[in-house]
Each structure stands twice: as structure tokens, then as C-alpha cells.
1. Quick test for you: out of 93, 45, 37, 21, pick the one residue that is under 19 Å from residue 163 (Cβ atoms) and small (Gly, Ala, Ser).
2. Only residues in segment 31-57 that are closer than 16 Å to residue 17 by Cβ and of a type outside the set (A, V, I, L, M) count as the first member; pair them with residues that are more than 12 Å from ligand 2 (Cβ to nearest atom) and modelled with pLDDT of 90 or more, Cβ under 8 angstrom, at least 6 apart or cross-chain, and list the lot.
3. Please identify the pairs in which a residue from segment 11-30 that is within 24 Å of residue 66 (Cα to Cα) has its Cβ atom under 6 Å from the Cβ atom of a residue that is charged (D, E, K, R) and more than 9 Å from ligand 1 (Cβ to nearest atom), counting only partners at least 6 apart or on another chain.
4. Identify all residues within segment 1-32 that are among the hydroxyl-bearing types (Ser, Thr, Tyr) and either within 13 Å of ligand 2 (Cβ to nearest atom) or at pLDDT 95 or above (or both); write none if there are none.
5. What are the residues in segment 2-40 that are at positive phi and either touching an Asp or Glu at 6+ places or on another chain (Cβ under 8 Å) or crowded, with 23+ Cβ neighbours inside 10 Å (or both), if any?
6. Being away from ligand 2 (no atom under 16 Å from the Cβ), surrounded by 20 or more Cβ atoms within 10 Å (Cβ to Cβ) and without any contact (Cβ under 8 Å) to a residue 60 or more places away in the chain: is that true of residue 116 here?
Amino acid sequence: MLNYDLGLDVLLGDVGAGKSSLVLRFVKGQFLEFQESTIGAAFFSQTVAVNDATVKFEIWDTAGQERYHSLAPMYYRGAAAAIIVYDTTNQMSFERAKKWVQELQSQGNPNMVTALAGNKADLLDERKEASTYAQENGLFFMETSAKTASNVNDIFYEIAKRLPRV
Ligand code: GTP
Ligand code: MG
């Protein structure tokens with residue numbers, strides 16, 4: 001088996017969008033109904049088999065609270081991939097996600113693989129607006145649920161497929 005290091009992956013998005021829940025689901029297979037709001041940022045790593053190789057994810061889970069916004073560049077600047085998470089039941093959270101896309105497009109690494117995750121999909125039917133928006137902005141789009149585990153592994157695997165292996 002070949003081993004690949006994918007570099008840093010950063011999760012960005014509004015407070016309560018479910019960034020920590022997605023990471024917790026991906027890394028530990030768990031979900032908490034009352035997940036605590038992240039302070040600063042948290043680091044996780046996870047090694048998974050993708051086809052006939054093992055790939056290592058190193059993940060920064062950032063805090064969505066506005067007072068931590070100024071810290072974000074520290075985490076996304078060195079990142080190979082970003083997952084911008086919003087809550088599908090919350091329009092403000094989608095607007096916040098668009099702001100993150102703009103910030104990454106103007107200040108992030110231009111080679112960054114960027115995913116848009118419409119999380120809490122268990123609470124709502126798919127919305128067309130987001131997939132159109134993602135297409136127009138060169139993002140790949142998936143609706144996820146940290147609660148039911150729907151598309152959680154998949155979004156990380158899609159990133160792995162798109163990243164150069166070093
Ligand atoms: P900050 O750390 O404050 O930026 O928030 P966050 O984006 O990390 O959100 P977090 O993972 O803490 O989730 C916020 C709340 O939403 C928690 O109560 C979770 O249980 C809930 N939640 C997260 N993902 C899902 C989901 O897919 N479905 C449902 N129904 N609830 C979810
Ligand atoms: Mg969090």
C-alpha cells in the first residue's frame with residue numbers, strides 16, 4: 001500500500017454550521033446533539049484507505065464565532081484544501097459561506113481545492129441554489145449530515161481525489 005500525505009485541510013463557516021460535527025463524524029464516527037462551540041481552532045488527523053492507497057488528512061477545525069475571524073488566515077494560508085460549511089436550514093449561514101468563498105478566492109492559496117458542504121441535510125430537502133452557485137464558482141458541492149453520516153466520508157474522499165499526491 002502506498003501512503004500519501006494530503007497536506008492541511010481547513011474547515012471554515014458560520015458558527016453552528018456543523019464544522020466540528022463533520023470532523024467528529026469523519027474522524028471518530030460520532031455525533032453529539034449538543035456539540036460545544038469551538039474556541040480558537042482544533043486539530044485532527046485521520047488516515048483512510050482510498051482505492052489501493054492510504055491517505056492522511058490533517059484537519060484544522062476553525063471557530064465560526066466572529067471574534068475569531070482574524071485568526072482564520074493562519075489556518076487557511078497553508079491549506080491544500082478547504083471545506084466551507086453552511087447550515088442548509090439557515091440562509092444567513094449560506095451568506096456567510098459565500099463571504100468565505102470570496103475571502104479564499106482573494107487571499108487563499110490559488111491551488112486550493114475547495115468544497116462547499118450544505119450540512120444538516122437531514123433537516124431539509126436539497127436546494128438548487130447552492131449547487132448552481134457552487135458550479136459557477138468552481139467548487140464541488142455536497143449536502144452532508146454529520147448526524148446521519150450522509151456524504152461525510154464522501155466529501156473528504158472527493159478532496160483526496162482532487163489533490164495532488166506528494
Ligand atoms: P462553531 O464551532 O461555533 O463555529 O460551530 P460548528 O460549525 O463547529 O458547529 P457544531 O459542529 O458545533 O454544530 C452546531 C450544532 O448543530 C450542534 O448542536 C450539532 O449537534 C448540530 N449539528 C451539526 N451537524 C448536524 C447535522 O448534520 N444535522 C443536524 N440535525 N444537526 C447537526
Ligand atoms: Mg466547532
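1. Matching residue, one of 93, 45, 37, 21: 45.
2. 31/25; 31/147; 31/149
3. 14/96
4. Those that are among the hydroxyl-bearing types (Ser, Thr, Tyr) and either within 13 Å of ligand 2 (Cβ to nearest atom) or at pLDDT 95 or above (or both): 20, 21.
5. Selection gives 7, 13, 16, 18.
6. Numbers: away from ligand 2 (no atom under 16 Å from the Cβ): yes; surrounded by 20 or more Cβ atoms within 10 Å (Cβ to Cβ): yes; without any contact (Cβ under 8 Å) to a residue 60 or more places away in the chain: yes.
Criteria met by residue 116.
The values are calculated or read from the model by the stated rules, or taken from the named source; none is laboratory data. Since the model is a prediction, treat every value here as computed from it, not as a measurement. Methodologically, a virtual Cβ is constructed for each residue, glycine included, from the backbone with ideal geometry; neighbour enumeration extends over all protein chains shown.
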